[in-house]
Amino acid sequence: MKSILTGLANVIFPSRCVTCGVVLGHNNTFHFCPVCFSKINFIQSDLCSRCGTPFTGANRGDHLCGDCITSETYFSVARAVGRYETVLLDAIHRFKYRRDIHVGEILGRLMAAFAYPAFNIKEYSLIIPAPLHPKRLRERGFNQSVILARAVSKRFSITLDFTTLRRRIHTKPQISLGKKEREANVQGAFEVVSGEKIRKKSIILVDDVYTTGSTVKECARVLMENKAAKVAVLTLARAV
């Protein structure tokens, strides 16, 4: 009966590509048509071995970028699925700003299934999404990072904790700010509610987009200062 109902639903409400809307065939896991999927610029080596910045030109192989050599970062490694452009950018905007939770769940599955270079999700014991301030959460209606983190948690059976790390200051939206302004904007914005929950834990911090890294760096700093063993960062997209 279930298979019959599923078949009827597929006929009446066929699955469509999340970006261009073309009708898809059966068993299309990520709901992108082949043309749109081919436009996603997935990030693989060659990249910065710490922050995950993809290299171009003569910079071959994985090694530290200039920023990671000269600047302190509290996370041990950061990785992203793809560049924040074209199809991936459109899908994220539909999820985040048009409040399409279904698209967010699809992107979460993509994030959970991606083979990140030189990074093993199974080495970690706790997943924490980047938190929103309660005011921003009420305005948007959901935390996009929680939806993405839930997909990773489910696939790898790793505990999801979205209450221990809290955003205590309502800050300006980062999108309108430059790099230095972003760093200043989030300084002191986060706190850990119960340090015992993260003590000696290997944590994956999940966010939707890594732009300058200001938000995830500040989150990682707070987690490490509360005695986490290590913090890695996973994002859906990377602005480069």
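Taking 35 Å as R0, compute the FRET efficiency from the Cβ-Cβ separation of residue 93 and residue 199 and round it to 0.05. Numbers along the way, then the final one.
On the way: r = 37 Å, r/R0 = 1.07.
The calculated FRET efficiency here is 0.40.
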log10 I(q)/I(0) for the range 40-238, Debye formula on C-alpha points only (no solvent), q = 0.18 Å⁻¹, two decimals, reads -1.38
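Let me spell out the model: positive unit charges on the Cβ of Lys and Arg, negative unit charges on the Cβ of Asp and Glu, origin at the Cα centre of the chain. What dipole size does that give, in debye rounded to 20?
On the way: 36 positive and 19 negative charges, 114 e Å.
Once rounded to the nearest 20, the dipole reads 540 debye.
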With just the Cα atoms of the range 173-240, tell me how far they stretch along each of the three principal axes, in Å, largest first.
36, 24, 14
Just 122, 227, 200 to compare: in a GNM of the chain, with alpha carbon springs under 10 Å, which one fluctuates most?
122
When only C-alpha pairs under 8 Å and at least 6 residues apart count, what is the relative contact order of the chain, in percent?
21
Label point distance in nm, residue 163-residue 175, each placed 7 Å from Cα along Cα→Cβ:
3.1
Students often get this wrong, so check it: of 122/227; 96/179; 39/227; 154/180, which have C-alpha atoms separated by over 30 Å?
39/227; 154/180
Quick one: work out the % antiparallel among DSSP beta bridges in the chain, nearest 5.
20
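Bear in mind that the values in this text are calculations on the coordinates, not laboratory data. If you're wondering where the values come from, they're calculated on a predicted model, not measured in any experiment. Positions of Cβ are backbone-derived with ideal geometry, glycine not excepted, and every protein chain shown enters the neighbour counts.
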